[in-house]
Amino acid sequence: QNFWDIVIDNHSYITGGNSEWEHFGEPGILDAERTNCNCETCNTYNMLKLTRELFRITGKKKHADYYENTFINAILSSQNPETGMTTYFQPMATGFFKVYSSETEHFWCCTGSGMENFSKLGDSIYYKDNEGLYVVRYTSSSVEFKEKDLKITQKADLPNVTFKIRGKGQADIVLRVPDWCADKPSIKINSAETEVKAEEGFIRLSREWQDG
């Protein structure tokens, strides 16, 4: 946890990435270290693995917020959608551009982890504990909450998200209040406005759910 805090507070750019030529510099001088070789994708890969495990242990919103922000800005943006090739670095210097690998001439460390990154598109969206199901990332997907005999389908058209329930029974559905939500979130159940209260960055909906 201490390592995570040090990296996030002192060595990470707004994208969630870190490093300059694969190294940490002095703390708190990120602007002075902006080059064409910032934010190695492998570092991001490792930070997300660490963040996932920390969230499972702590349940803290800051870990979930970092995961989403970094996954979108540093992982999804690391692939060329036309060729499938991935980046090594994500340059922070003004005027620089991303460089992608090629099919036969480049195989950086981030090429291998880059392949694995895109096998995890459905990872770390949902978590569960003995009480309920946590929705941590907002992306169109579905999940079976087998312990409660429920299936939940999420359709994300940000900033609006819709959930449909299949099955019936008592269960808690816990929603993360995302850091991109500028105002108090509005939640409707079957079109009816529902008064909610966020506690430590999460909204817990505890009720008897009906099919549909």
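For the chain, give the share of DSSP beta bridges that are antiparallel, in percent and rounded to the nearest 5; count only bridges with both residues there. Display every interim value, and only then the final one.
Details: 34 of 38 bridges.
About 90 percent, rounded to the nearest 5.
Calculated from DSSP H runs of 4 or more alone, at -39500 (n - 2.57) each and per residue, what is the 222 nm mean residue ellipticity of the chain, nearest 500? If you can, show how the numbers build up before the last one.
Values: 4 runs with 47 residues, N = 212.
Rounded to the nearest 500, it is -7000 deg cm²/dmol.
So, R0 is 25 Å and r is the distance between the beta-carbons of ILE189 and ASP129; what FRET efficiency does that work out to, to 0.05? Please list the in-between numbers first.
Details: r = 22 Å, r/R0 = 0.88.
E between ILE189 and ASP129, to the nearest 0.05, is 0.70.
DSSP loop (so not H, G, I, E, B), at most 12 other Cβ within 10 Å: list which GluC sites (Glu not before Pro) in region 128-188 pass both filters.
On the way: sites: GLU131, GLU144, GLU147; in loops: GLU131.
Of the GluC sites (Glu not before Pro), the ones in loops of region 128-188 whose Cβ has at most 12 other Cβ atoms within 10 Å are GLU131.
Quick one, which of (1) 16.1, 61; (2) 19.3, 57; (3) 16.4, 53 is the actual Rg and Dmax of the Cα atoms in Å calculated for this model?
Checked against the structure: label (2).
Alpha carbon centre of region 91-136 versus region 159-191: separation in Å?
Cα centroid to Cα centroid, the span is 26 Å.
Give the residue from SER19, THR70, LEU54 lying farthest towards the positive end of the charge dipole for region 1-91; charges sit on Cβ (+1 for Lys and Arg, -1 for Asp and Glu) and the dipole is referred to the Cα centre.
LEU54
Using a 1.4 Å probe and ignoring any ligands, DNA or RNA, find the accessible area of MET115 and quote it in Å² to the nearest 10.
So the heavy atoms of MET115 present about 130 Å² to solvent.
Any idea of LYS62's accessible area? Nearest 10 Å², probe 1.4 Å.
LYS62 has an accessible surface of roughly 90 Å² with all protein chains in place.
Which residue fluctuates most in the GNM of the chain (Cα springs below 10 Å): PHE89, PHE55, PHE24?
The residue with the greatest mean-square fluctuation here is PHE24.
Provide the FRET efficiency to the nearest 0.05 for the THR83-PHE163 pair, computing r from the beta carbons and using R0 = 35 Å. Provide the component values of the computation, followed by the final result.
Numbers: r = 35 Å, r/R0 = 1.00.
About 0.50, to the nearest 0.05.
Kindly report, to the nearest 10 Å², the accessible surface of LEU30 as traced by a 1.4 Å probe over protein heavy atoms only.
Around 40 Å² of this residue is reachable by solvent.
Using a 1.4 angstrom probe on the protein heavy atoms only, line up LEU48, LEU121 by accessible area, largest first.
Values: LEU48 10, LEU121 85 Å².
Sorted descending by solvent-accessible area, the residues read LEU121, LEU48.
Round to a whole number: what % of the accessible area of region 1-134 belongs to carbon and sulfur, probe 1.4 Å?
Roughly 54 percent of what the probe reaches on region 1-134 is carbon or sulfur.
Only sites in a loop by DSSP and with at most 13 other Cβ atoms within 10 Å count here; which GluC sites (Glu not before Pro) in region 10-82 make the cut? Display every interim value, and only then the final one.
On the way: sites: GLU20, GLU22, GLU33, GLU40, GLU53, GLU68, GLU82; in loops: GLU22, GLU82.
Answer in residue order: GLU22, GLU82.
Leaving out ligands and nucleic acids, note down the accessible area per residue over region 28-147 with a 1.4 angstrom probe, in whole Å².
Working: 6190 Å² over 120 residues.
Accessible area per residue, region 28-147: 52 Å².
The values are calculated or read from the model by the stated rules, or taken from the named source; none is laboratory data. Since the structure is predicted, the reported quantities are computational estimates derived from the model, not experimental observations. As a convention, Cβ positions derive from the backbone with ideal geometry for all residues, glycine included, and neighbour counts pool all protein chains shown. Each accessible area value is taken on the protein alone, full model and side chains, heavy atoms only, with ligands, DNA and RNA left out. Shrake-Rupley method; radii C 1.70, N 1.55, O 1.52, S 1.80 Å.
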